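The values are calculated or read from the model by the stated rules, or taken from the named source; none is laboratory data. The structure presented is a predicted model; accordingly, all values stated were derived computationally and were not measured. Neighbour counts are summed over all protein chains in view; Cβ atoms, including those assigned to glycine, are modelled from backbone coordinates with ideal geometry.
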Amino acid sequence: MKRSFDNVHGTGESVLASLMITTNVLIAGKRFVVAGYGYCGRGLARKAKGLGARVIVTEVDPRRALEAHMDGFDVMPMDAAAACGEIFVTMTGDVGVIGERHFPLMRDGAILANAGHFNVEIDLDRLRALAGAAEQRDGIETFTLGDRHIHVLAEGRLVNLATPKGMGHPIEVMDLSFAVQALSAEYIVRHGRDLPGGVYEVPTTIDEAVAREKLASLGIAIDSLTDEQARYLSAWDVGT
Ligand SMILES: NC(=O)c1ccc[n+]([C@@H]2O[C@H](COP(=O)([O-])OP(=O)(O)OC[C@H]3O[C@@H](n4cnc5c(N)ncnc54)[C@H](O)[C@@H]3O)[C@@H](O)[C@H]2O)c1
């Protein structure tokens, strides 16, 4: 209930909103590179495609790369994407996704943003070493490499939060994450003493309870399993 909504829809929408309000660039027709096709990346890729962008995905996980390909996106290494992309957004949780060898390949006017981890996904130290000081304006740093300009948003920090007008996710999606966090905290208070130290997935009962509340708040009803259906679905000795 966190990743499928906050990451997919919240990050997908708020990254685009920040990018557009900060740069006033037209998304339609742009070669839009999304680094990482996880929950955040697939949300952004689909929404950018909805605005008419020509989306390119970079990945390191072969299953996610294949998923992006079959979802209709171009998939290629960053070495290739760097040379043709016009807008880049990293959302991998990894370091140095756009680094020293990529900057010299980029087109004039390339826009770089990060929405993943801190300010480590774009190697700005290397960009500064290559290009020197940047010209700064309203959340945009413009670096000059020879006759080309590379624009970096929000100092490479989370673009949906760190640009001057970045507002983060809409509350309609954050309520799900906050509900999961509050109920998980309550769960720990009630059951924590019985749990060995470690990292646990949120219990399914909490996830489902939050989903049901959200559906109810939206006035959406769904079906329930009959006893026969529940038995059938959990059986291994009936059916083909
Ligand atoms: N900006 C926000 O508001 C916001 C919200 C939620 C999550 N996040 C952050 O976004 C990041 C991604 O979250 P997620 O839920 O999509 O994670 P995820 O694990 O589902 O996806 C990350 C993807 O990046 C890929 N990847 C890793 N290293 C890569 C590399 N060098 N090049 C290309 N792809 C690479 C992984 O294979 C994976 O498919 C995390 O850092 C998370 O903390 C940001």
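Report yes if some residue within region 122-140 is under 26 Å from the mean Cα position of the chain (by Cα), more than 16 Å from the ligand (Cβ to nearest atom) and small (G, A, S); otherwise report no. For region 122-140, residues under 26 Å from the mean Cα position of the chain (by Cα), more than 16 Å from the ligand (Cβ to nearest atom) and small (G, A, S): absent. Here D94 passes the criteria (1) in contact with a helix residue (DSSP H, G or I) (Cβ under 7 Å, 6 or more places away or on another chain); (2) near the ligand (Cβ under 10 Å from one of its atoms); (3) among the charged types (D, E, K, R) except the one numbered (1). Restricting attention to region 19-62 and to residues that are within 17 Å of the chain's Cα centre (by Cα) and surrounded by fewer than 17 Cβ atoms within 10 Å (Cβ to Cβ), the residue that is nearest to H169 (Cα to Cα) turns out to be M20. In region 1-114, counting only helices (runs of 4 or more DSSP H) that sit wholly within it, the ones holding 2 or more residues that are of a type in the set (V, I, T) span 12-23. Of the helices (runs of 4 or more DSSP H) lying entirely inside region 138-240, those containing at least 1 residues that are closer than 21 Å to M1 by Cα are 159-162, 171-191, 204-217. The listed residues are G146, G72, G85, G139, and the only one of them that is on the phi > 0 side of the Ramachandran plot, touching a residue at least 24 places away in the same chain (Cβ under 8 Å) and in the same structural domain as A17 (by TED's automatic domain parsing) turns out to be G139. F143 satisfies every condition listed in (1) surrounded by 15 or more Cβ atoms within 10 Å (Cβ to Cβ); (2) farther than 20 Å from M20 by Cα; (3) of a type in the set (F, W, Y) except (2).
Which of the residues that make up region 115-136 are without any contact (Cβ under 8 Å) to a residue 60 or more places away in the chain and either in a strand (DSSP E or B) or of a type in the set (D, E, K, R) (or both)?
Just the residues of region 115-136 that are without any contact (Cβ under 8 Å) to a residue 60 or more places away in the chain, to begin with: 117-120, 122-136.
Selection gives I122, D123, D125, R126, R128, E135, Q136.
Residue by residue through region 1-19, note down the ones that are of a type in the set (A, V, I, L, M) and more than 10 Å from the ligand (Cβ to nearest atom). Lay out the reasoning, then the answer.
Within region 1-19, the subset of a type in the set (A, V, I, L, M) is 1, 8, 15-17, 19.
M1, L16, A17, L19 - these are the residues of region 1-19 that are of a type in the set (A, V, I, L, M) and more than 10 Å from the ligand (Cβ to nearest atom).
The sole residue among L176, L112, L153, L158 that is within 16 Å of the ligand (Cβ to nearest atom), assigned by TED's automatic domain parsing to the domain that holds P203 and crowded, with 20+ Cβ neighbours inside 10 Å is L176.
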